[in-house]
Amino acid sequence: MPIEPNARGYFGAFGGRFVPEVLVAALDELEAAMRAAFADPAFWREYRETLRDFVGRPSALYPARRFLGDAAETPLLFKREDTNHTGAHKINNTVGQALLAIRMGKRRLIAETGAGQHGVATATVGAKFGLPVDVYMGALDVERQALNVYIMQLLGATVHPVAGGTKTLKDATNEAFRVWAAQVEESFYVIGSVVGAHPYPFMVREFQKVIGEETRAQCLERYGRLPTDVIACVGGGSNAMGIFSPFIDDADVRLWGVEAAGEGLASGKTAAALGAGSVGVLHGSRSYLLQSDRGQVIETHSISAGLDYPGVGPEHAFLKDSGRATYVAVTDDEALAAFHDCARREGILPALESAHALAFAKKLAAERGPDALIVVNLSGRGDKDIAQIRALRERSEAAR
Ligand SMILES: *Cc1c(COP(=O)(O)O)cnc(C)c1O
């Protein structure tokens with residue numbers, strides 16, 4: 001059974017609810033509605049039908065025969081979240097939260113976004129279900145992610161640039177919280193990963209758990225056994241929790257979370273909250289985060305915008321400390337190399353986030369024999385990253 005947080009929303013020592021007074025009632029209301037929905041088969045039926053007809057699930061479990069090279073003996077499978085509508089796993093969660101918002105009688109959706117991927121996934125379900133969407137985004141991110149901003153607008157969402165602070169995700173999150181507090185009656189706050197105050201980390205995981213449930217069933221059906229290793233990249237941690245969760249009780253299945261080392265764990269230019277951070281409070285819950293000795297959140301770095309987040313979901317902190325999952329980190333350069341291998345050897349352009357998981361799969365496969373069965377969660381497709389990769393290649397060619 002996947003892990004249940006305690007009544008106060010803690011996974012061991014991590015999680016909880018560190019929010020201003022005005023939001024406590026809203027979180028209580030959300031939790032009660034979520035519990036009722038989760039106990040109602042009709043809710044899950046509509047969720048599953050939407051994933052089938054709109055998202056295109058189940059996604060394939062694909063045998064990647066060439067990625068590791070011709071001499072490799074270890075069987076490797078990709079869980080193809082990149083083939084979902086909108087190109088990543090995030091839509092599984094926004095479908096679930098939109099259905100819950102409708103059930104609660106909320107008339108608008110609020111979201112914050114950094115790279116824009118969660119904003120696009122929220123704008124998409126807003127359009128589908130006829131709910132107006134307000135997306136808060138740091139002013140700097142609005143500039144950097146112009147294409148996603150335009151897509152959100154085409155989908156009918158309103159994008160609000162947030163000019164305060166560092167003009168990035170952190171400030172957008174604070175603004176979205178403030179707006180939510182001012183209009184909790186009519187608005188539903190859609191969070192994009194297994195982070196934030198209870199019940200969000202639990203709720204988002206329940207909406208992403210479909211990834212692991214499908215993987216488990218597909219593996220048993222096709223190979224007659226469970227995987228030996230499951231690998232996923234970790235930003236906030238939702239695609240990883242989604243694929244890990246149904247395997248928690250299978251003690252023989254090793255779970256690997258791959259963070260973005262950036263330029264290296266010791267370089268100061270990293271986004272590896274579990275690998276290089278310490279315990280503190282960020283965005284409403286207690287977990288590992290990248291912070292200075294004085295508790296200031298440190299600016300992060302990763303080649304991949306979706307992993308460029310200073311915190312990590314509380315359940316991952318718990319899995320790290322309990323030893324049930326192992327967390328490793330992969331550098332920008334390693335991820336980029338894995339991106340190219342996957343493109344040229346499998347005919348799949350992976351998201352740069354997913355390329356981190358692929359890079360670690362290469363290392364792990366080199367240690368495992370032919371009896372292993374490794375699954376990598378391919379969390380998204382790389383189309384969104386092409387302009388950035390092109391610029392990086394042109395720069396490195398110019399330097400040569
Ligand atoms: C957002 C994103 C991630 C990181 O988010 P998690 O919550 O850690 O899953 C990973 N891969 C892709 C493709 C994304 O869009």
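Derivation of every value follows stated rules applied to the coordinates shown; laboratory data play no part. This structure is a prediction, so every number in the text was calculated from the model and none was measured. Cβ placement follows ideal geometry from the backbone for every residue including glycine, while neighbour counts extend to all protein chains displayed.
Of the trypsin sites (Lys or Arg not before Pro) found in segment 3-42, the ones in coil according to DSSP and having at most 11 other Cβ atoms within 10 Å of their Cβ are R8.
Compare Q153, Q388, Q208 in a GNM of the chain, Cα atoms joined below 10 Å, and give the one with the largest fluctuation. Of Q153, Q388, Q208, the most mobile in the Gaussian network model is Q388.
Can you give the Rg to Rh ratio for segment 325-385, taking only C-alpha atoms and Rh from Kirkwood?
Values: Rg = 11.5 Å, Rh = 11.9 Å.
Reported Rg/Rh, Kirkwood definition of Rh: 0.97.
Distance distribution P(r), the chain, all Cα-Cα pairs, bin width 10 angstrom from 0: 5, 24, 36, 26, 8, 1, 0 percent.
Excluding L77 itself, what net charge comes from residues whose Cβ is under 11 Å from its Cβ, given Lys and Arg +1 and Asp and Glu -1?
Details: positive: R65, K79, R80, R222; negative: D229.
Once all neighbours under 11 Å are counted, the net charge is +3.
For segment 134-205, the dipole from Cβ point charges (+1 on Lys and Arg, -1 on Asp and Glu) about the Cα centre works out to 260 debye, to the nearest 20. Shown here for segment 279-352: trypsin sites (Lys or Arg not before Pro) in loop regions (DSSP other than H, G, I, E, B) with at most 14 other Cβ atoms within 10 Å, namely R294.
Under the rule a/c < 1.5 gives rounded, and otherwise a/b versus b/c splits prolate from oblate, where does segment 250-355 land using the Cα gyration tensor? Don't skip to the end; give the middle numbers.
Numbers: a/c = 2.37, a/b = 1.36, b/c = 1.74.
It comes out oblate by the Cα gyration axes.
Given G306, S193, V120, which one lies farthest toward the positive end of the charge dipole of the chain, if we put +1 on the Cβ of every Lys and Arg and -1 on the Cβ of every Asp and Glu? Among G306, S193, V120, the one farthest towards the positive end of the dipole of the chain is V120. Each of D252, D82, D321 was scored by other Cβ atoms within 10 Å of its Cβ. Listed from fewest to most, they are D252, D321, D82. Considering only L274, G382, F244, the residue lying farthest towards the positive end of the dipole of the chain is G382, judged by Cα position with unit charges set on Cβ. The gain in end-to-end length when the E397 to I102 segment is fully stretched comes to 101.1 nm, 0.36 nm per residue minus the alpha carbon separation. Comparing mean-square fluctuations of P246, P20, P63 from a GNM of the chain with C-alpha springs under 10 Å, the top value falls on P20.
Across segment 189-202, computed HN-Hα scalar couplings (Karplus, 6.51 cos²θ - 1.76 cosθ + 1.60, θ = phi - 60°) run 8, 8, 9, x, 8, 7, 10, x, 6, 4, x, 4, x, 5 Hz from first to last residue, x flagging Gly and Pro.
Between A98, A60, A88, where does the largest GNM mean-square fluctuation fall for the chain, given springs only between Cα atoms within less than 10 Å? Comparing A98, A60, A88 in the GNM, the peak value goes to A60. Extension gain, Q183-Q296: 0.36 nm per intervening residue step, less the Cα-Cα distance, totals 37.8 nm. The charge dipole of segment 300-359, taken about the Cα centre with unit charges on the Cβ atoms of Lys, Arg (+1) and Asp, Glu (-1), comes to about 160 debye, rounded to the nearest 20.
Each peptide in 185-197, 99-111 was scored by the mean count of other Cβ atoms within 10 Å over its residues; highest first, the order is 185-197, 99-111. Look at the dipole of the chain built from charges on Cβ: of L265, H85, M34, the Cα furthest out on the positive end belongs to H85.
With both residues required to sit in the chain, DSSP beta bridges show an antiparallel share near 30%. For segment 35-78, GluC sites (Glu not before Pro) are listed when DSSP marks them as loop and at most 13 other Cβ atoms sit within 10 Å of their Cβ; the list is E73. Basic side chains Lys and Arg get +1 at the Cβ, acidic Asp and Glu get -1 at the Cβ, and with that the dipole of the chain about its Cα centre reaches some 420 debye.
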